[in-house]
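What follows is a set of notes on a single structure, which appears directly below.
The values are calculated or read from the model by the stated rules, or taken from the named source; none is laboratory data. Nothing here was measured: the structure is a model prediction, and the numbers come from that model. Every residue, glycine among them, receives a Cβ derived from its backbone with ideal geometry; neighbour counts consider all protein chains shown. SASA here: full protein model, heavy atoms, side chains in, ligands and nucleic acids out. Shrake-Rupley method; radii C 1.70, N 1.55, O 1.52, S 1.80 Å.
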Amino acid sequence: MHHRQPAANCYPRKPRRRGPGGWLFVLVLLLGTLAFYVHRSTPARSAQPAAKAIGSQIQPVPSPTTLLPAGVHLDVQDSQVPDGVRQQACLRFVPSHPTHTSIVFIDPGHGGLDPGGQGQATDGTSIPEKDVSLATARLLAALLLADGYPVVMSRDMDITVANLTDSDLQGGILTADAAREEVLARASCANTAKADVLVSIHFDAFEDPGIGGAETLYDDARPFADRNQALATLVQKAMVTQLTQAGWPVPDRGVTADSQSGTPALTAEGDGYGHLLLLGPASDGWVEHPSTMPACLVEPLFLTRPTEADVAESPRGRQVMARALSQALETYLAG
């Protein structure tokens, strides 16, 4: 999940029908998982009809190895990340047979102290967003490296990117300041890497388990907004097409500008900013050094919809999502 505020996670665009219990659930969800990547959460689009049972007839197949070559830590020096970046984070990976010079930055949402959204598979297995986003990101990195693209990952293990500690938690959730620093650390890593394109991988969550689908967000206030939108469109189309062809017909929630997401941020400053921290423009005192490359944030599935959580948890589902992202990114870079 994402939000416009401190750090970003998913953007749940779902119906706003909530009882008292639902509000409590959403509050915990949005503050915990959404307080991570963007500066605001996303309002829900009108509920879409539930897709047919997803992929019950598909037998999972072993996923390709996700072993990656040794990554090289990039030293990030940025005043907007006062605590610095972990030595185990912001890693550059070089393909064994380089055939391309364009650098792809992959950002697995959440990690470490921030679990992100929480879902549940049909068998009752709990699925933290941070684990699924990392597993999918590692598969994507392996595919791109095999195709000769250099890759930089914000994280390659279950950690925060910024040097955060338990003191940055309040009630088990990252504070607004810590969440903001965490997202800005990822933007600074992408800038340090001089990446040509950025994709942030998240998974959505909502109180209604019947809501599902794929959605991709981009920022519309940058000088390269048209390239952001073109990238997001390719990612969304590839994701929906490949999941459907694999037997998982998820609803297509479309491509959305972050400024139109509609969900309030966690702070007044974030609400006034009106964009995802990872993707948005500069703002004095809030985002001093924004990401400098075309980018998008994708949420392929809802972890709170058990049939979609099954796909996210399966090796084959992750492989399909990684292939969709690889196809979209390589198509974009080739263009």
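Computed quantities for the displayed model
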item: Candidate set: region 133-167, residues that are β-branched (Val, Ile, Thr) and touching a strand residue (DSSP E or B) at 6+ places or on another chain (Cβ under 8 Å); chosen: the one nearest to ASP107 (Cα to Cα); result: VAL152
item: Test result for HIS275, at pLDDT 95 or above, in a loop (DSSP other than H, G, I, E, B), of a type outside the set (Lys, Arg) and crowded, with 24+ Cβ neighbours inside 10 Å; result: yes
item: So THR241, is it within 25 Å of PRO115 (Cβ to Cβ), polar (S, T, N, Q) and either touching a residue at least 24 places away in the same chain (Cβ under 8 Å) or open to solvent by less than 20 Å² (accessible area, probe 1.4 Å) (or both); result: no
item: Qualifying position, being in a strand (DSSP E or B) and either buried (at least 22 other Cβ atoms within 10 Å of the Cβ) or of a type outside the set (Ser, Thr, Tyr) (or both), among VAL298, VAL250, VAL311, VAL320; result: VAL298
item: Residue under evaluation THR292, criteria (1) surrounded by fewer than 24 Cβ atoms within 10 Å (Cβ to Cβ); (2) in contact with a strand residue (DSSP E or B) (Cβ under 7 Å, 6 or more places away or on another chain), criterion not met; result: (2)
item: Selection status of LEU184, within 21 Å of GLY274 (Cβ to Cβ) and at pLDDT 95 or above; result: yes
item: Count of residues meeting criterion [at pLDDT 95 or above and either open to solvent by 30 Å² or more (accessible area, probe 1.4 Å) or among the charged types (D, E, K, R) (or both)] in region 83-95; result: 5
item: Region 66-82 - residue that is open to solvent by 30 Å² or more (accessible area, probe 1.4 Å) and of a type in the set (A, V, I, L, M, F, W, C) and, of those, nearest to ASN163 (Cα to Cα); result: VAL72
item: Selection within region 144-173 - at pLDDT 95 or above and among the aliphatic types (A, V, I, L, M); result: LEU144, LEU145, ALA146, VAL151, VAL152, MET153, MET157, ILE159, VAL161, ALA162, LEU164, LEU169
